[in-house]
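This report concerns only the one structure given below.
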Amino acid sequence: MKRLEHIDALRGFALMLILLLHAHSRFALHIEPSSELIKLVELDNLASRLVYFLIRNKAFAIFSLMFGFSFFLQMDRSQKSGKSGFSTFFAWRLLILLIIGYLNAIVFRSDILTKYAIAGFMILLLYRLNTRLIAALAVLALLQIPDLVRIFQGLADPYFQVPDFSNKELWEEINAVSAGGSFLQLLKMNMWPALIEIWKLNFTGGRILQILGYFLIGLLLGRSRLLEDIRNNTRPFMILIAVSGVFYLAIRFLRIKVFSMSGITEQSAGMISDLLTSYMNFFMVLIIISIFVLLYRINIFGSILNLLSPYGRMSLTSYIFQGFAGVILFYGFGFGLYDYLGDFLSLTAGFLILSLMLVFSHTWLRYYNYGPVEWLWRAAAFRTVDIPFRKQK
């Protein structure tokens, strides 16, 4: 079956946003530079505002949504072809992805693949439910009920304190090892202590629920067929932009008003603001995807956006390689750029890595059918190396 190039491009777009987000945060090395090459205060502030508004918490959401959509495509095509046992096969693929993700997390601790693998098992259990029930579960996951409970506790008791699940001493050690430790020390730290800490924060902070929610939204988009036939679905995407825009502005207005409401403590107002921001991000994600699709349909923009297609087609390889590149460039055992680049120059470094990844993906797929990690994943899933790797001339 013919590949949907606009889906590869959209996946590549999400991957690009993830890369830029990681670059801005110096690949999860949270230490302010002490030997900054050039102080660009205005540009640093601009870069941070752009990342906060357009990328933060949207990049992973779009990537997660595309994972759910891709899952639907694979399941749907398997059913149409009459193949049986695909659920078992997909569970096996998820187990392999979990192993790949863990190996990646040992080097780059902000790995998302392990979380995708775990959430993917949940999707397997929910896939056959009817559309309304899946929609209800998606809403429940994205509502962030644990945060709602804490908000009600804070409103009911002005002395309520939100539990701090973060181990600050461990994070100081993690950052110190990343900044000044050896590569082996980094591996040892990421192998277990950092991994457990990050998983703990992802559960208590609601990130796992958000991933599951966006997976389910991707599944619903798959069932709607909107993303498969973008040429004949202009009106639905226009409506989606308009409706999402209204909700976004309404929630934004409410978030502004929260801090001026009487009888609400500063802590409760902060929690409400954070929760409303996550709701705003959801509608922003729908707007971004819709605008991307509508632009893709215009030849001049479609040609530009299609540059991301090979990058998105080998998304697993791209995600892992760019994480490794960032660690080598920014961490202490490598080039140590964390200590020299401010926010703007770090983001610029992200664009340079992106350029290299685009050249690599375009060149690689000229000669090979799959990205290197995709091929390994496929070979392990089918338990054979007899899978055409190099393209026939």
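The values are calculated or read from the model by the stated rules, or taken from the named source; none is laboratory data. The model shown is predicted, which means the values in this text are computed figures rather than measured ones. All Cβ positions, glycine included, derive from the backbone under ideal geometry; neighbour counts span all protein chains shown. Ligands, DNA and RNA are excluded from the accessible area calculation, which covers all protein heavy atoms including side chains. Shrake-Rupley method; radii C 1.70, N 1.55, O 1.52, S 1.80 Å.
Looking at the range 108-259, the pairs of alpha carbons with a distance over 27 Å make up 47% of the total. Placing dummy labels 7 Å off each Cα toward the beta-carbon, the span from Ile291 to Ser70 is 2.4 nm. With all protein chains in place and a 1.4 Å probe, the accessible surface of the range 193-259 carries 70 percent carbon and sulfur.
Across Val258, Val177, the residue with the most accessible area heads the list, and the full order at a 1.4 Å probe is Val177, Val258. With distances taken between every two different alpha-carbon atoms, the range 248-393 has a Kirkwood hydrodynamic radius of 19.5 Å. By a 1.4 Å probe calculation restricted to protein chains, Ile256 has an accessible surface near 110 Å², given to the nearest 10. Within the straight-line cut-off of under 19 Å between alpha carbons, the aspartates and glutamates reachable from Lys39 are Asp339, Asp343, sequence neighbours fewer than 8 places apart in one chain being disregarded.
In terms of Cα to Cα distance under 26 Å, which lysines are near enough to Lys188, apart from those fewer than 8 places away along the same chain? Cα-Cα hits under 26 Å: Lys115, Lys168, Lys200. Summarising the label geometry, the points placed 7 Å from Cα in the beta-carbon direction at Ser273 and Leu201 lie 2.0 nm from one another.
Accessible area per residue was computed with a 1.4 Å probe on protein heavy atoms; Ser78 scores about 10 Å².
In this rough spin-label picture, where each label sits 7 Å from Cα along the Cβ direction, the Arg252-Arg132 distance is 3.4 nm. For the range 175-218, compute Rh as the Kirkwood radius over C-alpha pairs and then the Stokes-Einstein diffusion coefficient at 37 °C and 0.692 mPa s; write the answer in µm²/s, rounded to an integer. In µm²/s, the coefficient is 273.
Please arrange Ser290, Ser315, Ser110 by accessible surface area, largest first, computed with a 1.4 Å probe and ligands excluded. Don't skip to the end; give the middle numbers.
Numbers: Ser290 0, Ser315 20, Ser110 45 Å².
Largest accessible area first, the list is Ser110, Ser315, Ser290.
Between the range 139-168 and the range 333-393, how far is it from one alpha carbon centroid to the other, in angstrom? Comparing the Cα centres of the range 139-168 and the range 333-393, I get a distance of 39 Å. Ordering Thr348, Thr88 by accessible surface, largest first, gives Thr88, Thr348; the 1.4 Å probe counts only protein heavy atoms, with every chain in place. For the chain, relative contact order (Cα pairs under 8 Å, six or more residues apart, normalised by length) works out to 34 percent.
Quick check of the Kirkwood formula: for the chain, what is the inverse mean of 1/r over all pairs of different Cα atoms, in Å? Please list the in-between numbers first.
Details: mean 1/r = 0.0445 Å⁻¹.
Kirkwood radius, the chain: 22.5 Å.
FRET efficiency for the Met261 to Trp92 pair, using the beta carbon distance and R₀ = 51 Å, is estimated at 0.50.
When nucleic acids and ligands are ignored and a 1.4 Å probe is applied, Phe72 ends up with an accessible area of around 10 Å². Note on the range 23-147: Cα convex hull, mean projected area over all directions, 11.0 nm². Between Glu172 and Met122, the contour length at 0.36 nm per residue exceeds the alpha carbon distance by 14.6 nm.
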